[in-house]
Amino acid sequence: MPEATETTLPVIIAGAGPCGLTAALSLQRAGVPFLLYDRASSARLCRNAGSGIDMAPCAVDILENELRVSRAGLDKAMRPYEYMHMFDSSGKALNTYRLKDLQLKITDSRSFGFANRSDLQRALLEELGLTDGDGQIRDDAGLHCGVAVTSYENHSDHVEVQLSNGTSVKGCALLACDGIHSAIRKHKHRDVDDGFHYCGQVAWWGKTTVEKGSALDDELKKMARENDMEDGNVSLAMMGTRAKPGIFFSCEVAEGVHAWVYVLKEKNPPAANASDDLTRRGGVALTGEQKQEEMAKLLENCPPVVVAIMTHASVDDVTRAGFFDRKNQTLSYVDGRVALLGDAVSLCSPMMGQGANMAIVDGFVAAQRLAAATQSGTEGAIEQALVDYDSDTRRKNNWTVIKKARKYGQWGVSRNRFVSWFMRMSVKYMPASMLVGEVVSGDKSNQKFVKSLKSDIGETIGSTSVSLQQ
């Protein structure tokens with residue numbers, strides 16, 4: 001058997017969330033071998049404890065047009081915002097955005113909308129050929145579940161990657177898509193101060209299945225009927241008042257399934273990694289007793305529809321976690337043949353809805369640069385490709401998004417009389433087109449990043465060849 005060379009060694013990808021799977025699909029389309037590891041078991045890989053993702057134009061364009069993910073898969077994963085009903089925490093209606101009538105397009109074929117994280121993962125896994133005929137995850141065809149990347153060592157012609165099962169593997173490069181509590185980032189920055197910055201908010205998020213004929217079903221139908229929203233999916237947004245601050249948001253990520261989040265100001269930061277469960281971003285699952293106690297306090301004097309959605313969630317589908325980003329925004333993304341991507345590098349509060357979009361774009365850009373490097377065959381091309389990925393412009397633009405997310409988080413939960421009034425009046429009088437424009441404004445960083453990629457390598461690299469490694 002011939003000895004592996006730099007151009008035949010696989011790219012090692014740590015993490016099989018949207019970021020890692022996008023990177024893997026980008027490499028596969030270009031015929032570049034890869035190995036994908038995720039610490040979660042195959043049964044938990046696509047676990048979805050309330051994960052709705054706003055989808056911005058750049059990420060959607062990558063999935064649809066650059067990577068050609070199947071229309072059926074994306075249609076299942078993504079839904080357009082059709083109605084967005086806004087009210088305050090006293091139950092007073094503020095506005096109903098009738099986005100269905102406006103059909104505000106973010107790409108040629110899709111209106112502004114959101115994705116169910118687990119369905120998006122499944123669409124990417126299916127596109128990669130990593131599911132069987134029954135839709136079950138195959139962890140024997142380039143994907144290895146239940147195995148984490150723990151550390152690495154750079155060499156002149158490869159990177160040696162240590163795994164949690166005690167073995168190691170050689171790769172031409174390592175892409176760290178392993179999330180907020182990245183083991184690879186921890187190893188890379190082990191000698192510097194790399195702590196978290198607490199954003200000042202705690203969130204409860206969850207997933208609620210609406211049973212036909214239930215009190216919740218009746219409440220949602222009543223709201224839809226009273227506000228002329230019966231012919232489309234309905235998202236709900238509650239803006240806090242000075243008397244009862246906080247933000248609630250819910251969207252129907254699948255038929256009869258609502259992903260929701262309730263965000264409040266909290267002075268004392270919770271543990272950044274209160275659990276070792278990355279599917280909950282390090283947050284904790286509430287026990288039955290905790291859920292009952294905390295929900296009673298949270299929901300006191302809340303509008304009935306908010307109470308119904310949150311109390312109908314099963315215990316296992318409710319998570320409590322703080323919002324964090326990173327203190328040090330100047331650290332390098334790259335170490336030799338190793339690059340940090342997604343939340344491992346540009347952790348952002350969800351208040352701008354950009355975290356998953358930045359991760360998808362990171363996965364695409366890094367993989368495309370590596371594909372071009374492996375095809376060039378030039379000495380040092382892989383290291384240079386990752387140096388080019390580690391862009392000062394990207395870092396600066398992401399920092400703008402992170403600061404904006406911090407600001408919106410602070411404003412959204414403020415007890416200040418003027419700020420609270422301003423937030424409510426903004427959603428009451430802001431045109432729908434302006435709302436959508438503001439939500440996707442953070443996408444400028446992604447668009448510039450992809451533009452820079454294409455300027456450097458020309459047209460992105462794609463083929464139909466499949467290159468999985470065992």
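The values are calculated or read from the model by the stated rules, or taken from the named source; none is laboratory data. Fair warning: this is a prediction, and the values are worked out from it, not measured in the lab. FYI the Cβ positions are ideal-geometry reconstructions off the backbone, even for glycines, and counts take in every protein chain you see. Surface areas here come from the heavy atoms of the whole protein model, side chains and all, with no ligands, DNA or RNA. Shrake-Rupley method; radii C 1.70, N 1.55, O 1.52, S 1.80 Å.
Under the convention that each Lys and Arg Cβ holds +1 and each Asp and Glu Cβ holds -1, the size of the dipole of the stretch 28-186 around its Cα centre is about 460 debye.
Straight Cα distances below 20 angstrom link LYS100 to the lysines LYS76, LYS221, LYS222, LYS428, with same-chain residues fewer than 8 positions distant left out. The distance linking the stretch 336-376 with the stretch 54-84 is 18 Å (Cα centroid to Cα centroid, whole angstrom).
Taking amide H atoms as placed 1.01 Å from N in the peptide plane, the amide H of GLY200 lies under 5 Å from those of PHE323, each 5 or more residues away in sequence or on another chain. Taking packing as the residue-averaged number of other Cβ atoms within 10 angstrom, the listed peptides 437-447, 372-382, 348-358 run from highest to lowest as 348-358, 437-447, 372-382. With 10 Å bins beginning at zero, the pair-distance distribution over Cα atoms of the stretch 388-457 amounts to 17, 37, 27, 14, 5, 0 %. 3J(HN,Hα) along the stretch 382-398, derived from phi through the Karplus expression 6.51 cos²θ - 1.76 cosθ + 1.60 where θ = phi - 60°, amounts to 5, 4, 5, 4, 6, 4, 5, 5, 6, 9, 4, 5, 4, 4, 5, 5, 5 Hz, with x in place of Gly and Pro.
How big is the dipole moment of the stretch 344-420 about its Cα centre under a simple scheme where the beta carbon of each Lys and Arg is +1, that of each Asp and Glu is -1, and everything else is neutral? Debye, nearest 20, please.
Result for the stretch 344-420 is approximately 880 debye, rounded to the nearest 20.
Computed from the Cβ-Cβ distance with R0 of 30 Å, the FRET efficiency linking THR393 to LYS212 stands at 0.05. Normalised by residue count, the stretch 318-377 yields a Cα convex hull volume of 111 Å³ per residue.
Taking every C-alpha pair closer than 8 Å and separated by at least 6 residues, the mean separation divided by the residue count of the stretch 323-403 gives a relative contact order of 35 percent.
Relative contact order, whole percent, for the stretch 309-458 stands at 27, derived from Cα pairs under 8 Å and 6 or more residues apart. Taking θ as phi - 60° and the Karplus parameters 6.51, -1.76 and 1.60, the scalar couplings of the stretch 354-361 work out to 10, x, 5, 5, 4, 5, 4, 5 Hz in sequence order, x denoting glycine and proline. When a 1.4 Å probe is rolled over the protein heavy atoms, the share of accessible surface on the chain that falls to carbon and sulfur comes to 49 percent.
Overall size of the stretch 81-130 from C-alpha positions, given as principal axis extents largest first: 49, 27, 11 Å. Between amide H atoms placed 1.01 Å from N, distances below 5 Å from SER41 occur with GLY146, all of them 5 or more places distant or on a separate chain. For Cα extents along the principal axes in Å, pick the label among (1) 68, 52, 40; (2) 93, 49, 44; (3) 70, 44, 40 that corresponds to the value derived from the coordinates. The listed entry that was calculated here is (3). For the stretch 36-44, 3J(HN,Hα) computed residue by residue from phi via the Karplus equation (6.51, -1.76, 1.60; θ = phi - 60°) reads 10, 10, 9, 5, 6, 5, 4, 5, 9 Hz, glycine and proline entered as x.
Counting heavy atoms of the protein chains only and a 1.4 Å probe, report the per residue accessible area for the chain as a whole number of Å².
On the way: 19800 Å² over 470 residues.
Result: 42 Å² of accessible area for each residue.
Relative contact order of the chain: 24 percent, from C-alpha pairs under 8 Å at least 6 residues apart in sequence.
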